[in-house]
Structures are given as structure tokens and as C-alpha cells.
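Just so you know, all these numbers are worked out from the coordinates, no wet-lab data involved. Here the structure is a predicted model, which means the values were calculated and not measured. In this analysis, Cβ positions are derived from the backbone assuming ideal geometry, glycine residues included, and neighbour counts consider all displayed protein chains.
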Amino acid sequence: MIISGGTDGMGRATALERLARGDRVTVIGSSEAKGRALLDHVANPNLRFLRADLSSIAEVERVVADIAERHDAIDALALFANRISPKRRETVDGLEFTFALYYLSRYLLGSRLRPLLNAAPAPVVINVAGVGNTAGRIFWEDPQLTRRYGPVRAQLQAGRANDLLGVAFANQAESKARYVLYHPGFTRSGADNHQNPLVRGAIKLLATLSARPVADAVRPIVAWIDHPPIDPLSAIDRGRTVDKSLKTLNPDDATRLVAYTEDQLRSLRDLRTPEAPQAG
């Protein structure tokens, strides 16, 4: 299985659970130190760490090429990678960071690895975000948040984009993999990653008082990998099935987001491709 954002929190816990069951696991993360620490902690030949900045399109493509070279099939793809950015910043591709890491990397990994998922007997994609939450929306007039950026605003938009990503993936006829949108709720995971020490302290306090243990939050994920749901798309919010007629799972909006995403990718490819010299 492949895990993006697998050196911390729920991603790390999922990797450890699947390794204990004998799976071959590839963990993708941005920190070489955390990746090395995980490898040293486990000392399991079935674990592989790939360092990559998944906010970069080129880095995602490199990861996909690496995986395709080593695997004929993928049973499970678990998507966790996310990081809060207090201030607006752009990636090397000129995209808003949260949009690129939290949403676009997941879009690319799912679409590019689809052939390997289709080659598995019962493949599943698990996208860990905030399905069931109706706060936030896609700012169609300014998806890159160039005019009004806020970290919560960016996170909520990317969360709603991931809802629509699941809808779009499941509606494609060529997708054999079952797709699970999963909102685990507040977990004791990732508190050390926030850049602001006051926010880190507040998150840790809340985690101590009310958060779910990571082991509880990943238990359904581990089970879905062994027994993927029957439906092409499942949406689970803290153990409850989400009504797929919810406005945040609108198929028309999912189609619109795919069109926007592919247009952005085409524009970026055109910028990277030099024009052919004119004859004469």
C-alpha cells in the first residue's frame, strides 16, 4: 500500500498497523529525518520511505514514476498529507500551498496511480479529510485565494475540494478502486506540526481533553483495506454514513472542479514546454 503523509499521526499509525499484518508499505513524507526515524523504529524490510514535497507537481510525478517502476499493482492508497500555512504562500508551480498539498497532490496521486490500483484484486482509496462538514466552499471566482487568504478559509476550501474529488473519482467508469472519504474527527495527531507555538500548545491541550486516540481513528482505515466497501463511493463522518445528497458532494460541482484542475495542469505544462522554433 501507499501512504501520503505517513511519517506522522494517523498516516504513521496506519503504516505500522499494515506492516504488522505483513503488507508492503511505501510511506511518502516531506521530512527526511522523520522518514529515517520511522525506518529505524520499525526495522522492517517491507517498509519503504520516499521523501517528497507533495506540494510540487514535479515531485508528485516523480513519486508516481518511482512507484510504477517498482510495483505492478497497488491494493490501497491512503491520503493524509496536509499542513496548515498561517500565511498565504505559493508553491514552485505558483499555486496556493494548501490547495496544492491538501487537494492537488491527492488528485494527482489518485489519477496517476489509477492503472496500478485497477490491477489489484480489490483496490481502495482512502481520503482522510473532513467529509460531512458543510463549512467552507470552493471559491470559484478565486480558488487560489489571491485576494482573501486565511488558514481556516484555505483548509475548508481544500476539504470541500477533497469531498468533490471522491465524487469525481468514483463516477469515472475506468475506476475499479472503491473510494472512501473519511472524517475521523479531532484526533491526537499532528499537534507538533503547527508553526505557531501558541497554536501548538492549544491543540495539545484540546487533544489531551477531548481528542480521539489515533489508534481508534485509524481502526476503520485498517479494516477498509482488508475489506473495501461495496459502493464506488463511501463517505464516513466519525463513524456515521454521510448522505450523498449533501450539497458538498454535488456531482456537478465535482465535474466543474475536475475541469478547473485539468485546466490549471494544462496551463502549467504549457509554461514548462518551450515553443518549437519557427521554420524559415
Filter result for SER31 (more than 16 Å from ASN127 (Cα to Cα) and under 16 Å from the mean Cα position of the chain (by Cα)): no
Does GLY136 count as in a loop (DSSP other than H, G, I, E, B), under 19 Å from GLN155 (Cα atoms), in contact with a strand residue (DSSP E or B) (Cβ under 7 Å, 6 or more places away or on another chain) and of a type in the set (Gly, Ala, Ser)? no
Filter result for the condition that a residue is within 28 Å of GLY94 (Cα to Cα), surrounded by fewer than 16 Cβ atoms within 10 Å (Cβ to Cβ) and not polar (S, T, N, Q), over ALA135, ALA168, ALA158, ALA122: ALA135
Residue hits (the stretch 24-41; buried (at least 17 other Cβ atoms within 10 Å of the Cβ), part of a helix (DSSP H, G or I) and hydrophobic (A, V, I, L, M, F, W, C)) are LEU38
All positions within the stretch 44-84 that are assigned to a helix (DSSP H, G or I), of a type in the set (A, V, I, L, M, F, W, C) and surrounded by fewer than 17 Cβ atoms within 10 Å (Cβ to Cβ): ALA58, ALA65, ALA68
